[in-house]
Amino acid sequence: MTKTVKALAEHVGGVVEGDETIEISGANTLGEATEGQVSFVANQKYIRDLKTTKASVVVVGEKIDAQGKTIIRCKDPYYSFTQIVVLLHGYREHKPIGISQNASIAENATIGENVDIHDFVCISAEAEIGDGTKIYPSCTIGPGTKIGKDCIIFPNVTIYDGCEIGDRVTIHAGSVVGQDGFGYATHEGVHHKIPQIGNVIIEDDVEIGANCSIDRGTLGSTIIGKGTKFSNGIVIGHNTVLGEHCLLVAQVAIAGSTTIGHHCVFAGQAGVVGHIEIGDQVTVGAQAGVVNDVKSGESIVGSPAIPLNQAKKSVLLMKNLPEFRNKLRDMERTIRKILKGE
C-alpha cells in the first residue's frame, strides 16, 4: 500500500513539516531506510542518525529538531510509527483453511464458527474452541481446555487439560501451557511428587512468545493477566499471579506462588524467587535477581536486586575503590609513623 505523507500524518493525528506530497510505500530503521520509506526517532540517542538517514519522512516527537528533513511530528512517535506500519503492511495474514481431515478432534469437543484447524492437531475430549480461532499444525489441546475467540495458536503448542485461554490470545510455536509445576514433598530422603490439580488461566489479549512454559497451579490457578506480553523463553512457576499489561523480555523466570501487579516490566534474564509480592508498575532490570517484596513504582537492578538509585551509588563506590584503598594505605603508614614517634 502506498500513502502520501499527508495521509500518514492524518492517520496518526500528526503534523507534517516539509513535503506532504511524498509517497511512502514502506517502513524501516533510520540506518536502513531508503527513498519512499518512513522511519522514526523515539529515543534521544538516535537523533544523530536523523541527519544522515535516507528515509523520505521521519516520525519524531514534539521537541526534536527536524534537521531539514520532512517529518511527522507526534506526541508519541513510537506508537504513531506502529500505526503507520500497520496501515502500510498490516499484520500477518492467516489463510482460512477450515478443519483439516488430518486433525484429530474428539466427538464431544466443541468447535466454534470460522475456526481453522491445521494438519495433525489433536483436540481432546470436552475441549472448547471459540469462533475465529486458528490452530496451526501439530498442536495438542488437552481435555476440558477452553480457548476463546479469535485466538492464534502457532505450531507445536501444547495446552494441557483444564486450562482456560481468553479471547484474542496468541501463543507462539513450541510453548507449553499447564504442565505440572515443580512440586515435591521430601520424606526420609525421597522426593514424592505432589499432584498438580490446578490449572492455568490466560486472560484476554495476552501474547505468549515462542518456547515459553507456564506451570499449572498445584491448587488453584496460575494466572496471566489480560494484555500481558511475553517474549521468548519465559518460565512461569505454579500458582504465580501475573497482573494486567505486564511486559516480560526473553528468558525471564518467575518462581511459584509469586504475586505481581499490573504494568510491570521485566528485562531480559531477570529472575524472581517464589512466594514474594511485587507491586504495580515495577521495572526490573536485565539479569536482576529479585529476592524480596518490591513496592509499587520502584525500579530495581542487580543481584540481589536493589533500588536503581541505590545501585547507582554502589556502582560509583565500586569505581572509586582502588583510590579509596590507596588512601587507606597512606593513612595506615602515617598512623604507624606517628605511633613510632617518627
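Would it be correct to say that GLY217 is in the same structural domain as GLU277 (by TED's automatic domain parsing) and under 25 Å from GLN281 (Cβ atoms)? Answer is no for this residue. If you scan region 145-162, which residues turn out to be buried (at least 24 other Cβ atoms within 10 Å of the Cβ) and under 18 Å from ILE197 (Cβ atoms)? Answer for region 145-162, where residues must be buried (at least 24 other Cβ atoms within 10 Å of the Cβ) and under 18 Å from ILE197 (Cβ atoms): THR145, ILE159. The listed residues are THR218, THR222, and the only one of them that is closer than 23 Å to GLN269 by Cα and more than 16 Å from the chain's Cα centre (by Cα) turns out to be THR222. Based on what the data block shows, is LYS229 basic (Lys, Arg) and within 14 Å of the chain's Cα centre (by Cα)? Yes, satisfied. Which condition from (1) at pLDDT below 95; (2) in a loop (DSSP other than H, G, I, E, B); (3) surrounded by fewer than 16 Cβ atoms within 10 Å (Cβ to Cβ) is the one that GLN101 breaks? Unmet condition: (1). Taking first residues from region 225-243 that are within 14 Å of VAL177 (Cα to Cα) and not assigned by TED's automatic domain parsing to the domain that holds THR258 and partners that are modelled with pLDDT under 95 and assigned to a strand (DSSP E or B), no Cβ contact under 7 Å between residues at least 6 apart in sequence or on separate chains turns up. I'd like to check something: does region 142-152 contain any residue that is of a type in the set (S, T, N, Q) and closer than 25 Å to THR228 by Cα? Within region 142-152 (the criterion being of a type in the set (S, T, N, Q) and closer than 25 Å to THR228 by Cα), the answer is yes, since at least one residue qualifies.
Here ALA42, ALA127, ALA55 are screened, and the one residue that is modelled with pLDDT of 95 or more, under 30 Å from the mean Cα position of the chain (by Cα), under 24 Å from GLU10 (Cα atoms) and of a type in the set (A, V, I, L, M) is ALA55. With respect to the conditions (1) in contact (Cβ under 8 Å) with a residue 40 or more places away in the chain; (2) acidic (Asp, Glu); (3) more than 17 Å from ILE159 (Cα to Cα), GLU188 lacks only one, and its number is (1). Screening region 280-305 for residues that are in a loop (DSSP other than H, G, I, E, B) and among the small types (Gly, Ala, Ser) and picking the one that is modelled with the lowest pLDDT gives SER303. What do you reckon, is LEU316 within 32 Å of the chain's Cα centre (by Cα), exposed (fewer than 11 other Cβ atoms within 10 Å of the Cβ) and not assigned by TED's automatic domain parsing to the domain that holds GLY233? Judged against the criteria, LEU316 is a match. A single member of VAL290, VAL301 is touching a helix residue (DSSP H, G or I) at 6+ places or on another chain (Cβ under 6 Å), buried (at least 17 other Cβ atoms within 10 Å of the Cβ) and more than 19 Å from GLY217 (Cα to Cα), and it is VAL301. Among the residues of this structure, GLU10 counts as one that is outside any loop (DSSP other than H, G, I, E, B), surrounded by fewer than 18 Cβ atoms within 10 Å (Cβ to Cβ) and without any contact (Cβ under 8 Å) to a residue 24 or more places away in the chain. When region 21-34 is limited to residues that are free of Cβ contacts under 8 Å to residues at least 24 places away in the same chain and under 18 Å from ALA66 (Cβ atoms), the one that is surrounded by the fewest Cβ atoms within 10 Å (Cβ to Cβ) turns out to be THR21.
The values are calculated or read from the model by the stated rules, or taken from the named source; none is laboratory data. Since the structure is predicted, the reported quantities are computational estimates derived from the model, not experimental observations. Virtual Cβ from ideal backbone geometry, glycine too; neighbours counted across all protein chains shown.
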